[in-house]
Amino acid sequence: MNIDKTPKRWQSALECLLLLALAAAMRALYLGKTDLGGDESFSLYVAMQSVPDIVRLLCLGDNPPLWELLLHFWTKIFGLSEIAIRSLSLIFSALTVIPIYLLGEKHLHRLVGIAASLFYCFSTFSIYLAHECRVYSLIGFATACSVFLFVSATQRPKPFKFILLTLANLMLMYGHYLSVWIIVMEFIIALAIRPIRTRIWKPYLIHAAALVLLFAPMFPILFGRFLDSGVNGTWIEKTTSPEALYDFLWRMCNEPVTTVLAISILAAALAKLVIDGLRKKAPFGSIGLLSLLWAVPLLVSFVLSYFTGFFLDRYFYFLFPVFYLCIAAYCEYLFPKRLAIGWAFMGLFAIAMAFSCSPNSSTKHFSGWHSPIKPIVNQLVEAKENENALVILPEYFDKQFTYYLDENHEAFRTQSKPSNYYVFRDYLTRLGYYYDYNYQDADFATYNEVVFTYRKDMPIEGLSNLLELNGFRFENEFEAAPYVVCHFSKLPSLPNSAKQEN
């Protein structure tokens, strides 16, 4: 079987365009299917602030400001609907297929580029993050660009490649702190592997110095966040079982069957890489570089997560593009004398990914997954229209609730001068809603009905008991996982004759 390793330019451009169209189509199918998530509403609220306020607010938390700055200008043009704000994620997610294809086509094999791109196109988790107005799709795109430019620069160093590499790595650094892993690994490879160091050490050091200079304002914040997370931990539970690593690979591979197939390919290829390395059978090439770039950050982070919790699928999404390239490259690498077998494995994995793909992200329960918010909001608004109903909200629900309560999103547009995370509490309190921190201030005697919502894993402690003490009884509940809406009504008063008989 004879398949050109390097196709003509028009052929390469056509293949890339078709893959881009496929990636965009798969991600556009259910873009507005899910309701706005809590983290999405936070990003949207921050993006509505002035540029200085965006930077100031995010420097107090866990996220660099790049995504919200981009979203700030995006919303000015396209508005605040779910589809409008998520389309920015969709664009970056779809564009990621271009550096994946180019890296495979130019530095491995044409079919490796096509296969890896197909794996990515049919990645359910990638599609899910394309449906979320958060930074992760941008980071996946920046990682794919960074790795493509770095591998290309190690083989043919050119000034423009290092300039573009600097831009891609700045996107990583100002996008998500954990994606710094890619830059760290590139730095180690550039200086530790002698043939690469010999070729690129001068321009690479200039590139590294430029990164340090341009990221200098954020280094104290980055150091503080890592120190705080290491000492005090995070909201994420520590890893307690190797099963967490399998679950992460499952995210990459859609379903258990494809996960087992991927693990088999990985184990065989990594063993062959080690053996070939010890025998010095082949020079350290693109496959070795890619292996280091995805495997070392994943495995080291997994081990560290036993000591502090941070091992979350979406936080390490930046490894996905490199992983798919490696799976495709390993298929060919395992059968150097019988490439048709390797290509057959690529095709098998691509078919498995396609059949296991679920582009409707509303059916998947990933970390940070979206829950149906509109039905909950409708129930609470309907209850609030009854003057004798007390409606109680959890304070972490304020942004999502406000987004759907105010159909024109004027509250998001006019809210300014950010002060804290629960920014819409005062706005909703003025409308007559109570919160889980002040519901005891309510005069229960003036209400005939109480309706409240909460997350199953974050119940409002003591509320049910307090309602029963004030003469309310449980009527029914509406569940929209992970939320529950509970309805209580006041017990009817006994007639005077019945009271006298008692």
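The values are calculated or read from the model by the stated rules, or taken from the named source; none is laboratory data. Note that the coordinates shown come from a computational prediction; the quantities given were computed from them, not determined experimentally. Glycine also receives a Cβ, built like all others from the backbone with ideal geometry; neighbour counts cover every protein chain displayed.
Below are the figures for this structure:
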quantity: Verdict on residue 209 being assigned to a helix (DSSP H, G or I), at pLDDT 95 or above and in contact with a Ser or Thr (Cβ under 8 Å, 6 or more places away or on another chain); calculated: no
quantity: Count - residues of segment 30-52 that are part of a loop (DSSP other than H, G, I, E, B) and under 18 Å from residue 395 (Cβ atoms); calculated: 2
quantity: Failed criterion for residue 143 (all others in (1) farther than 22 Å from residue 67 by Cα; (2) of a type outside the set (Gly, Ala, Ser); (3) within 30 Å of the chain's Cα centre (by Cα); (4) surrounded by 19 or more Cβ atoms within 10 Å (Cβ to Cβ) hold); calculated: (1)
quantity: Any helices (runs of 4 or more DSSP H) falling wholly within segment 53-134 and containing at least 2 residues that are touching a Phe, Trp or Tyr at 6+ places or on another chain (Cβ under 8 Å); calculated: 82-95, 97-107, 110-121, 124-130
quantity: Condition broken by residue 326, with the remaining ones in (1) among the hydrophobic types (A, V, I, L, M, F, W, C); (2) modelled with pLDDT of 90 or more; (3) outside any helix (DSSP H, G or I) satisfied; calculated: (3)
quantity: Pair list, Cβ < 7 Å and 6+ apart or interchain, from segment 246-275 residues that are within 17 Å of residue 126 (Cα to Cα) and without any contact (Cβ under 8 Å) to a residue 24 or more places away in the chain to residues that are assigned to a helix (DSSP H, G or I) and of a type in the set (A, V, I, L, M); calculated: 249/262; 249/263; 259/249
quantity: Qualifying residue in segment 25-32 (condition: hydroxyl-bearing (Ser, Thr, Tyr), touching a residue at least 60 places away in the same chain (Cβ under 8 Å), under 20 Å from residue 92 (Cβ atoms) and surrounded by 17 or more Cβ atoms within 10 Å (Cβ to Cβ)); calculated: yes
quantity: Residues of segment 332-361 that turn out to be over 16 Å from residue 108 (Cα atoms), in a helix (DSSP H, G or I) and either at pLDDT below 90 or not assigned by TED's automatic domain parsing to the domain that holds residue 253 (or both), as a count; calculated: 1
quantity: Every residue from segment 432-480 that is in contact (Cβ under 8 Å) with a residue 40 or more places away in the chain, more than 30 Å from residue 235 (Cα to Cα) and touching a Lys or Arg at 6+ places or on another chain (Cβ under 9 Å); calculated: 432, 444, 447, 448, 449, 450
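For (1) β-branched (Val, Ile, Thr); (2) crowded, with 22+ Cβ neighbours inside 10 Å; (3) farther than 25 Å from residue 369 by Cα, each residue gets a yes or a no:
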{"position": "288", "(1), (2), (3)": "no, no, yes"}
{"position": "301", "(1), (2), (3)": "no, no, no"}
{"position": "306", "(1), (2), (3)": "no, no, no"}
{"position": "321", "(1), (2), (3)": "no, yes, no"}
{"position": "324", "(1), (2), (3)": "no, yes, no"}
{"position": "327", "(1), (2), (3)": "yes, yes, yes"}
{"position": "336", "(1), (2), (3)": "no, no, yes"}
{"position": "339", "(1), (2), (3)": "no, no, yes"}
